[in-house]
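First up is the structure itself, then whatever we jot down about it.
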Amino acid sequence: MAKVCGLEQATRMIKDGDVVLAGGFYGNGTPEMIVDELLRQGRKNLTIVNNDGNSAEKGMGRLVAAGQVKKCIFSWCGRLAVLPQLVDEGKVELELCPQGSLAERIRAGGYGLGGILTPVGLGTIVEEKWGERVHLNGKDWMYHTPIRGNVAILEADVADAEGNLVFHLTQRNFNQVMAYAADLVIVQVNRPVLPAGAIAPQDVHVPGILVDYLIQGPRTL
């Protein structure tokens, strides 16, 4: 059963140097309360895995702008204007991975697979800098390593006391697959936590056995 935990206490479980999987697509689905607390506590040398980082004012990009991140693994970062300069100055390492490949690498990490093979990215900067070409069954493929995190920080719309999660619309994005791929899963829940059994089994997006801690967030529509 997941434990309902205070924001400060839960965030202190994230350590300097951790690999942090963070849900969110343009910030939608990113647990902003946890980001706030990471900023306040001054966590540093983080590796963050996120779709896009959003911007210096919202989402995981706030940690990048504050100098608390050593590496970003994103599919895109066009709204995070501060990042190219930080990369050029050697202050942040950036790894870009096509969006579908990024999701599959996380899934591979969660399911205990040895990586993924995909034709996407062959002959591009992705192959040149971050991939490995292999030849198998008469075809060329890009091999990517699996991704796992020390911690996953997620946002859900609804949860029950057992940690079962329900996401609202596009809030689901990377949150679902990341729940499988981290040693510790901390979830900001925007509506009041429901009693055990209040969510019908067919409506559960992430089973509670994967969730370690719930943080009560703001109630949203």
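The values are calculated or read from the model by the stated rules, or taken from the named source; none is laboratory data. Please read all numbers here as calculations on a predicted model, not as lab measurements. Reconstructed Cβ throughout: ideal geometry from the backbone, glycine too, with neighbour counts over all protein chains shown.
Worth pointing out:
- For the stretch 12-29, the count of residues that are at pLDDT 95 or above, assigned to a helix (DSSP H, G or I) and either surrounded by 23 or more Cβ atoms within 10 Å (Cβ to Cβ) or not aromatic (Phe, Trp, Tyr) (or both) is zero.
- Any hit, the stretch 108-119, residues being in contact with a strand residue (DSSP E or B) (Cβ under 8 Å, 6 or more places away or on another chain), without any contact (Cβ under 8 Å) to a residue 24 or more places away in the chain and surrounded by fewer than 19 Cβ atoms within 10 Å (Cβ to Cβ): yes
- Screening GLY59 with (1) small (Gly, Ala, Ser); (2) in contact with a Phe, Trp or Tyr (Cβ under 7 Å, 6 or more places away or on another chain); (3) under 22 Å from GLY17 (Cβ atoms) gives one miss only, at (2).
- Failed criterion for MET1 (all others in (1) modelled with pLDDT under 95; (2) crowded, with 20+ Cβ neighbours inside 10 Å; (3) not aromatic (Phe, Trp, Tyr) hold): (2)
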